[in-house]
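Asks: Got a structure for you, questions after.
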Amino acid sequence: MNAKKRTIGVVAVGDVPELAPKVIAAHVSGYLKLAAEILTPLAHPAYAFDDIRCQYDAGKILSYLESCPYDHYDKIIGVFNVDLFVPTFTHVFGEAKQAGMHALVSLFRLAEGHEGNNPSSPLLFERAAKVALHELGHLFNLFHCEHRNCLMHYSGGLEDLDVCPLYFCRYCSTYFQDALAHH
C-alpha cells in the first residue's frame, strides 16, 4: 500500500493579490516541509456577508469550503481579502476548525499598519504566512501555546503577530510531527 502524499491546497477566494497564495504555499513547503499547491481561485464569498456587522462570517465560509470537492488534498487554506468575523470576536485574521480540513486567512486587517498606514507588501505577506501556518497548526490539532516564541501563541493584534516567530516551539513542533505521523 502506498503512503498517502500530504498536500496542502491553497486557494484564493475573491479579489486577492496573486502573490499571496504563492507566498503562503512557499511557507507551507519551506517551514513545514509539506507539499503545497495553488488551486483554481473561487468567486467572492458574497454568501457570507453579514448585513448587520458589514463583515464576512468565517463559519459560513468554512461550511462552503467543506462542500467543495478537494478530495486530493490533506488540508485546504482559503485566502481572502475581506473582513472576517466569528460571533465571539470583532474580527479574526484567520479561522480553522480544530483538527478539521479547512482554514481561512484574511489579508484585510493584515494590511493595516500600527498607525493606520498600509505596511509594505513583504510585511503583509509575512503576516499572512504566519496566520496560515498558525491555522494549519490548528488543522493538525495543535492548540494555542503559552510560549510567546511559538507560532501557535495567540496573536490578538498586529503587534503580537509581528513579534511572533515563523516556527513552533519545541513542544508544538513535537506535537506537529506526531500529528503528521498519525494523520
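The numbers here are math on the coordinates, done by the rules we state, and not lab data. Here the structure is a predicted model, which is why all the values come from computation and not from measurement. So basically every Cβ, Gly included, is an ideal-geometry build from the backbone, and we count neighbours across all protein chains shown.
Asks: Would you compute, from DSSP H runs of 4+ residues alone, the mean residue ellipticity of the chain at 222 nm, taking -39500 (n - 2.57) per run and dividing by the full residue count, rounded to the nearest 500? Mind dumping the intermediate values first?
Replies: Working: 5 runs with 61 residues, N = 183.
Value at 222 nm, helices only, nearest 500: -10500 deg cm²/dmol.
Asks: If I histogram all Cα-Cα distances within the chain using bins 5 Å wide from 0, what percent of pairs lands in each bin?
Replies: The distribution over the chain is 1, 8, 18, 22, 22, 16, 8, 3, 1, 0, 0, 0, given as percents.
Asks: State the antiparallel share, in %, of DSSP beta bridges confined to the chain, rounding to the nearest 5.
Replies: Values: 6 of 24 bridges.
Here the antiparallel bridges make up roughly 25 percent for the chain.
Asks: Another question, then. At a 10 Å Cβ-Cβ cut-off, how would you order Arg170, Arg127, Arg109, fewest neighbours first? Working shown, then result.
Replies: Details: Arg170 10, Arg127 23, Arg109 17.
Going from sparsest to densest Cβ surroundings: Arg170, Arg109, Arg127.
Asks: In which sequence would Met152, Met101 go, from the one with the fewest C-beta neighbours within 10 Å to the one with the most? Please report the intermediate quantities before stating the final value.
Replies: Working: Met152 23, Met101 16.
Final ranking by Cβ density, sparse to dense: Met101, Met152.
Asks: Mind sorting Ser67, Ser121 by how few other Cβ atoms lie within 10 Å of their own Cβ, fewest first? Walk me through the numbers on the way to the answer.
Replies: Details: Ser67 7, Ser121 13.
Final ranking by Cβ density, sparse to dense: Ser67, Ser121.
Asks: Report the convex hull volume per residue for the stretch 18-84, counting only C-alpha atoms, in Å³. Mind showing how you got there, number by number?
Replies: Details: hull volume 6.7 nm³, N = 67.
Convex hull of Cα atoms, per residue: 100 Å³.
Asks: Once you measure Cβ to Cβ distances between cysteines in the chain, which Cys have no partner under 4.7 Å?
Replies: If one checks each Cβ against the other cysteines of the chain, Cys54, Cys68, Cys164, Cys172 turn up with nothing under 4.7 Å.
Asks: Once you've got the GNM for the chain with C-alpha springs shorter than 10 Å, pick whichever of Ala12, Ala128, Ala111 has the biggest mean-square fluctuation.
Replies: With Cα springs under 10 Å in the chain, the top fluctuation among Ala12, Ala128, Ala111 is at Ala111.
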